[in-house]
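A.B. asks: Encoded as structure tokens, here's the structure I'll be asking about.
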Amino acid sequence: MLYLALIYHMHQPYYKNLLTQEIEAPWVRLHGIKDYLDMVEILSKYPELKLTFNLVPSLLEQIKDYTENNLEDKYLKLSYKPTEALTYDEKNFILENFFQINKDRVISLFPRYYELYLKKQAHQEFNLPDYLDLVVWFNLAWFDPDFRCEIPPLRRLVQKARFFSEEEKLMVLEKQKQILKEIIPSYKKFSQSGQIELTTSPFYHPILPLLYNTKIAKEANPKVVLPSINFSYPQDVKAQLDLAVQFHKSHFGNKPEGLWPSEEAVSEHILPFIIQAGINWIVTDEAILFKSLKKKKRDTQLLYQPHLLRRKEGTLNIVFRDRNLSDLISFVYYNWPAEVAVGDFLKHLENIYQAFREKDVLVVVALDGENAWEYYPNDGHDFLQLLYQRLLEAKFLKTTTISEYLKINPAQNEIERLSSGSWIYANFNKWIGSNQKNKAWEKLAKVRKELENPQSEILNPDLVYKQMYILEGSDWFWWYDEGNLEFDRLFQMHLANLSELSGCRNKLTY
């Protein structure tokens, strides 16, 4: 039998300013109404389908900021503001930022939204009704297509299309908040039913091997240029893991069995901390498997089974994703008709089954659970619904969770030493090695050292260390030196906040 484990990873960078309690970007809120709830609610149509969702704690914390703490992002504040009260600068901000959604898959579907887009491209002047319609359409278009159809007030607005009122705008924003409130309870409900497994990641999504020691980057790529100051804080590895496990247990009632290391970044050095945190299994990319076993060629017999990491601290199971199948869903199939894409995917699975029909095999498909769908027609619904239906109809396979599979098929093959690397080329080059990325690590190393100084007078250590852990997040290093000025600004903001919170004398901006 072929057992298929589909794992979706849900994550957003940490956008909240700890000093001002303002949210600097709207993407948690907007992906919340487009991706997080519908991706699990769709399973009610397929009760026999088993899936796994990895929920990063810092994402859930930010969702709660909207629903429990009534925090707002700048986009939301401007959306609430009466159109006639908008300043010149605020109107410009709306004009420049409220078309941030896929033009071909979303904006072009709605004549009025597309009309406003073309008007902006032509540098034509907007009047007040134009601005009001734009604000409503931006907030309306981000809803999952099912929500726009199934929630009557939203459906009526889509049909109305233009000349929206301030009251209708407020209704759209209220519906957003209602959907955000349902996300965590919905995942908990499906988890308790046994249909899904919930896993976690280190709390603020850091690259754990680099927190342990930035020199580990050399293990993955001997040619990488390291920062001039070494960053090595194993205690932060432990903190990021322990905080994640505690958060998960407090919200879902049990400790997570599985862990998705941020960016599937692993190394031998972090295994003791994962084992001590009570984790039973982790997932990473297939390239790490073949590096660990010193295999020059792809060996699917090794790939399609769990492996065991037996260490003095205990044992840890590890599974490796099929990169080809995962990347087909993430980066290829959105250009194909759903029928053709699903047929191709099932054909790949059937070929695997035929190759191993005499034994049980585990095929792990692990991918980002949110970003791909914006590029699919109908936000991926046509593809996913057909895929799920065909998976249930297929006689040669069964969907499973990793924990469920391990109970019936315990890992037999042991890996003596796990190689260092991530899902990107089995190294850490995306986060370290360039001049600017290394400067960021050097700044963090300086301030992190200052926090350990016994003479430092830190008034609120919990908040200071929270800010430090936020700065260790992978996203800042991913985007820094990559031309994304918004993420550079966010990293600068977090650095400045740490400087103020800690009272460190080091100048942290760069």
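The values are calculated or read from the model by the stated rules, or taken from the named source; none is laboratory data. Every value quoted in this text rests on a predicted model; they were computed, and no experiment measured them. As a convention, Cβ positions derive from the backbone with ideal geometry for all residues, glycine included, and neighbour counts pool all protein chains shown.
A.B. asks: Sort through W431, W479 and tell me the only one that's touching a residue at least 60 places away in the same chain (Cβ under 8 Å), crowded, with 18+ Cβ neighbours inside 10 Å and touching a helix residue (DSSP H, G or I) at 6+ places or on another chain (Cβ under 6 Å).
C.D. replies: Being touching a residue at least 60 places away in the same chain (Cβ under 8 Å), crowded, with 18+ Cβ neighbours inside 10 Å and touching a helix residue (DSSP H, G or I) at 6+ places or on another chain (Cβ under 6 Å) holds for just one of W431, W479, which is W431.
A.B. asks: Which condition breaks for E197 when tested against (1) in a helix (DSSP H, G or I); (2) farther than 24 Å from E414 by Cα; (3) not hydroxyl-bearing (S, T, Y)?
C.D. replies: Result: E197 passes all but (1).
A.B. asks: Within the stretch 205-238, restricting attention to residues that are among the β-branched types (V, I, T) and in a loop (DSSP other than H, G, I, E, B), which residue is surrounded by the most Cβ atoms within 10 Å (Cβ to Cβ)?
C.D. replies: Within the stretch 205-238, the subset among the β-branched types (V, I, T) is 207, 214, 216, 224-225, 229, 237.
From what's left, in a loop (DSSP other than H, G, I, E, B): 207, 224-225, 229.
Working: I207: 28, V224: 18, V225: 14, I229: 16.
Checking each candidate, the answer is I207.
A.B. asks: Tally the residues that are closer than 18 Å to L308 by Cβ and free of Cβ contacts under 8 Å to residues at least 12 places away in the same chain, restricting the search to the stretch 230-277.
C.D. replies: 0
A.B. asks: Hey, can you tell me all the residues within the stretch 1-46 that are of a type in the set (V, I, T) and touching a helix residue (DSSP H, G or I) at 6+ places or on another chain (Cβ under 7 Å)? Spell out how you get there, then give the answer.
C.D. replies: Applying the first criterion (of a type in the set (V, I, T)) to the stretch 1-46 yields 7, 20, 23, 28, 33, 40, 42.
Result: I23, V28, I33, V40, I42.
A.B. asks: Being acidic (D, E) and either within 15 Å of K249 (Cβ to Cβ) or touching a residue at least 40 places away in the same chain (Cβ under 8 Å) (or both) is the filter here, so list the residues in the stretch 171-204 that pass it.
C.D. replies: Of the residues in the stretch 171-204, the ones acidic (D, E) are 174, 182, 197.
E182, E197, listed by residue number.
A.B. asks: Kindly indicate whether V342 is without any contact (Cβ under 8 Å) to a residue 12 or more places away in the chain, over 25 Å from N413 (Cα atoms) and among the aliphatic types (A, V, I, L, M). Walk me through it before giving the result.
C.D. replies: Working: without any contact (Cβ under 8 Å) to a residue 12 or more places away in the chain: no; over 25 Å from N413 (Cα atoms): yes; among the aliphatic types (A, V, I, L, M): yes.
Considered against the rule, which asks whether it is without any contact (Cβ under 8 Å) to a residue 12 or more places away in the chain, over 25 Å from N413 (Cα atoms) and among the aliphatic types (A, V, I, L, M), V342 comes out as no.
A.B. asks: Only one residue in K446, K437 is in a helix (DSSP H, G or I), touching a residue at least 40 places away in the same chain (Cβ under 8 Å) and in contact with a helix residue (DSSP H, G or I) (Cβ under 8 Å, 6 or more places away or on another chain), so which one is that? Working first, answer last.
C.D. replies: On the way: K446 fails: in contact with a helix residue (DSSP H, G or I) (Cβ under 8 Å, 6 or more places away or on another chain).
Selected residue: K437, the only one of K446, K437 that is in a helix (DSSP H, G or I), touching a residue at least 40 places away in the same chain (Cβ under 8 Å) and in contact with a helix residue (DSSP H, G or I) (Cβ under 8 Å, 6 or more places away or on another chain).
A.B. asks: Further, regarding this structure: Among the residues of the stretch 483-510 satisfying the criterion of being over 18 Å from I23 (Cα atoms) and touching an Asp or Glu at 6+ places or on another chain (Cβ under 9 Å), which is modelled with the highest pLDDT?
C.D. replies: Among those that are over 18 Å from I23 (Cα atoms) and touching an Asp or Glu at 6+ places or on another chain (Cβ under 9 Å), it is S502.
A.B. asks: F126 is checked against (1) crowded, with 18+ Cβ neighbours inside 10 Å; (2) of a type outside the set (S, T, N, Q); (3) in contact with a Leu (Cβ under 9 Å, 6 or more places away or on another chain) and fails just one. What number does that condition carry?
C.D. replies: (1)
A.B. asks: Given the criterion buried (at least 19 other Cβ atoms within 10 Å of the Cβ), under 26 Å from P261 (Cβ atoms) and modelled with pLDDT of 95 or more, identify the matching residue among L2, L30.
C.D. replies: On the way: L30 fails: under 26 Å from P261 (Cβ atoms).
Being buried (at least 19 other Cβ atoms within 10 Å of the Cβ), under 26 Å from P261 (Cβ atoms) and modelled with pLDDT of 95 or more holds for just one of L2, L30, which is L2.
A.B. asks: Return yes when S422 is in contact with a Ser or Thr (Cβ under 7 Å, 6 or more places away or on another chain), surrounded by 23 or more Cβ atoms within 10 Å (Cβ to Cβ), among the hydroxyl-bearing types (S, T, Y) and on the phi < 0 side of the Ramachandran plot and no when it is not. Explain how you work it out, then say what you get.
C.D. replies: Details: in contact with a Ser or Thr (Cβ under 7 Å, 6 or more places away or on another chain): no; surrounded by 23 or more Cβ atoms within 10 Å (Cβ to Cβ): yes; among the hydroxyl-bearing types (S, T, Y): yes; on the phi < 0 side of the Ramachandran plot: yes.
Considered against the rule, which asks whether it is in contact with a Ser or Thr (Cβ under 7 Å, 6 or more places away or on another chain), surrounded by 23 or more Cβ atoms within 10 Å (Cβ to Cβ), among the hydroxyl-bearing types (S, T, Y) and on the phi < 0 side of the Ramachandran plot, S422 comes out as no.
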